[in-house]
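Peer 1: The following block contains the structure, expressed as C-alpha cells.
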Amino acid sequence: SASETDIWLSSLIASLPILFFFFALIKLKLKGYVAASWTVVIALAVALLFYKMPVDHALASVVYGFFYGLWPIAWIIIAAVFVYKISVKTGQFDIIRSSILSITPDQRLQMLIVGFCFGAFLEGAAGFGAPVAITAALLVGLGFNPLYAAGLCLIVNTAPVAFGAMGIPILVAGQVTGLDSFEIGQMVGLSLLDLSEPPRRSLGG
C-alpha cells in the first residue's frame, strides 16, 4: 500500500547518514572525525530537505547531540586512557602482565582471563573501544600475534559491550526512546543469550 511504501522510503532515507558513516570508514578509509563530520552534514540535509525540519531545530539538535556525546562519552574515554597511561608509566601494567603469566602459561586461558574477564571489567568501567585496545596490547605483551589479539578481543567484547561505560548505551537508549532503561537492559541480556547460542553450538558446547 501507499502508506507502507512511505514508511519504507522514510526508513531508507533516515538510514542514509548511518550507511554513509560505515561506507566512509570501510570503503573510503576516512578518519573517524572526518566521517562523522560528513555524516552530520548529510543528517542535516536529510532533516531539512526530506523531513522539512525547521532550521533552528535542526541546528539545535546538532549542538545538543555534540555536547550530549562529549560529556558522558568522551569524558569516560579520556579517563580510561589516562588511567591506562598512568599504569604503563608507573610500571603497574608490567605487574599485571607478570601476574597473569604466573597464573597459567596456556594462551587459551590467558585469552579468557585478559580478553573476556578483564576486558568485561574495563568495558563496564570505560567502554567505547578502550577495553579492546588495552586488552589487545596486554595480550601482545604476553606473546600473542597482534592481529589475532585484536581480533579475539573484538569478538569477546561483543557480550559486555551492550552494558559498557557504566551502562551508557542502555541509559541513552532509554532517554532517547522514552522506554524504561531496566526493561531495555533485560531485553538486551536475553538478546545476547540468543546471539551466543550459534557460536556455542559451533564449538560443541
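Peer 1: Based on the Cβ-Cβ distance of Leu101 and Leu28, what FRET efficiency does E = 1/(1 + (r/R0)^6) give at R0 = 41 Å, to the nearest 0.05? Walk me through the numbers before you get to the answer.
Peer 2: Values: r = 41 Å, r/R0 = 1.01.
According to the calculation, E is roughly 0.50.
Peer 1: Also, quick follow-up: Return a whole-number percent for the relative contact order of region 1-56, with Cα pairs under 8 Å and 6 or more residues apart as the contact set.
Peer 2: Working: 22 pairs, mean separation 17.1, N = 56.
Value for region 1-56: 31 percent.
Peer 1: At a Förster radius of 30 Å, what calculated FRET efficiency corresponds to the Cβ-Cβ distance of Asp6 and Leu171, to the nearest 0.05?
Peer 2: 0.40
Peer 1: If you don't mind, another one. When all C-alpha to C-alpha distances in region 1-52 are sorted into bins of 5 Å, what percent of pairs does each bin hold, rounded to whole numbers?
Peer 2: 4, 21, 24, 19, 15, 10, 5, 2, 0
Quick note: the coordinates plus some simple rules give every number you see, no bench work behind them. Being a predicted model, the structure only gives us computed values, none of them experimental. For neighbour counting, all protein chains shown are included, and Cβ atoms are generated from backbone atoms with ideal geometry for every residue, glycine included.
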